[in-house]
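Okay, structure first, notes after.
The values are calculated or read from the model by the stated rules, or taken from the named source; none is laboratory data. Bear in mind the structure is a predicted one, so any value in this text is a computation, not a measurement. So basically every Cβ, Gly included, is an ideal-geometry build from the backbone, and we count neighbours across all protein chains shown. Surface accessibility is based on the protein's heavy atoms, side chains included, excluding ligands, DNA and RNA. Shrake-Rupley method; radii C 1.70, N 1.55, O 1.52, S 1.80 Å.
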Amino acid sequence: MSQITIALTKGRIEKDTIKLLSRAGFDLSFMADKGRNLIFESPDSRFRFLLVKGPDVTTYVRHGVADLGIVGKDILFEHPTGYLEMLDLNFGLCKFSLASVPSYDPHDHKRKRIATKYPTVATDYFNQKGEDVEIISIQGSVEISPVLGLADAIVDIVETGHTLSANGLLVFEDICRGSARLIANQASLKNNPDLMPFVAKIESLVGRREVAFK
């Protein structure tokens, strides 16, 4: 039996993944007391888990250090190459939205300044609308940028909308849906015979497979 190495996004996706794999019949009790550890191996050596930040999941999978990765679609939009996107896991649900202060006019034809942590998503969205905009990259609290006049609007992930409301912002348009995805290293799929049966077992719980090389 070949070991399967899985890179996991720390936090909520990690917790939801453990629940999903437990439903699939895998014993992950060895991960119950994590402490500060970032690498976990199952007692039977069947699995090894790497707990890393979202953007690093794609890096570990791309370089073959991890056979599989579980990461939010928001990360894949911004890091779009070097892996196979296998499954939509249907948790970690969110949406990308265009939001701003109430006085924002989305139909104003002036060149807009858009603040975002997701420049690829924002650029693609405005390109599809045929609008030329200035993208301002923000790594912190993007919600305050329209309030302070840095940007006309923002493109960001919205879950509950509470943070937007607290900062006086409204959603003007929903752009696309996001969720956790299972990605794979292409060489691992060829060389590790246990990967596809594992993916098939997960697929039986979450539904349709989305194989696409990125």
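Let me have the 222 nm mean residue ellipticity of the chain computed from DSSP H runs of 4+ only, each contributing -39500 (n - 2.57), with the sum over all residues rounded to the nearest 500.
Working: 8 runs with 64 residues, N = 214.
Rounded to the nearest 500, it is -8000 deg cm²/dmol.
Taking the mean number of other Cβ atoms within 10 Å as a proxy for protection, how do you rank 174-183, 191-200 from highest to lowest?
On the way: 174-183: 19.3, 191-200: 14.4.
Result, highest mean Cβ count within 10 Å first: 174-183, 191-200.
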Practice task
Keeping all protein chains in place, calculate the accessible area per residue for the stretch 151-202 (probe 1.4 angstrom), answer in Å².
Solution key: 46
Practice task
Measure nothing fancy, just the Cα-based angle from helix 12-23's long axis to the longest principal axis of the chain, in degrees from 0 to 90, nearest 10.
Solution key: 40
Exercise for the section: Using a/c under 1.5 as the rounded threshold, could you call the stretch 25-142 rounded, prolate or oblate? The axes a ≥ b ≥ c are square roots of the C-alpha gyration tensor eigenvalues, and prolate needs a/b larger than b/c, oblate otherwise. Expected result: prolate
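Probe of 1.4 angstrom, ligands and nucleic acids ignored: what's the accessible area per residue over the stretch 1-76, in square angstrom? Walk me through the numbers on the way to the answer.
Working: 3840 Å² over 76 residues.
Here the per-residue accessible area is 50 Å².
What dipole magnitude, in Debye to the nearest 20, does the stretch 1-89 give about its Cα centre under +1 on Lys/Arg Cβ and -1 on Asp/Glu Cβ? Mind showing how you got there, number by number?
Details: 12 positive and 12 negative charges, 44 e Å.
Dipole size: approximately 220 debye.
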Handout entry: Integer Hz, Karplus 6.51/-1.76/1.60 couplings in order for the stretch 171-179, x for Gly and Pro
Key = 7, 9, 7, 8, 9, 6, 8, x, 6
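Take every Cα pair under 8 Å in the chain that's 6+ residues apart, average their separations, divide by the length, and report that relative contact order as a whole percent. Walk me through the intermediate numbers first.
Working: 416 pairs, mean separation 62.5, N = 214.
Computed over the chain, the figure is 29 percent.
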Practice task
First compute the accessible area of the chain with a 1.4 Å probe, then give the percent of it belonging to carbon and sulfur atoms.
Solution key: 50
Completion exercise
Total charge of the residues flanking P106 in space, meaning their Cβ is under 10 Å from its Cβ, with Lys and Arg +1 and Asp and Glu -1, is -3
Fill in the blank from the handout: Distance in Å, no decimals, from the C-alpha centre of the stretch 126-184 to the one of the stretch 22-36 is 35
Handout entry: Karplus 3J(HN,Hα) series, Hz, for the stretch 89-106 with 6.51 cos²θ - 1.76 cosθ + 1.60 (x for Gly, Pro)
Key = 7, 6, 9, x, 6, 7, 9, 8, 9, 9, 9, 6, 5, x, 7, 5, 10, x
Problem - Per residue convex hull volume, Cα atoms of the chain, in Å³ - result: 130
Completion exercise
Given 73-79, 104-110, 125-131, the highest-first ranking by average Cβ count within 10 Å works out to 73-79, 125-131, 104-110
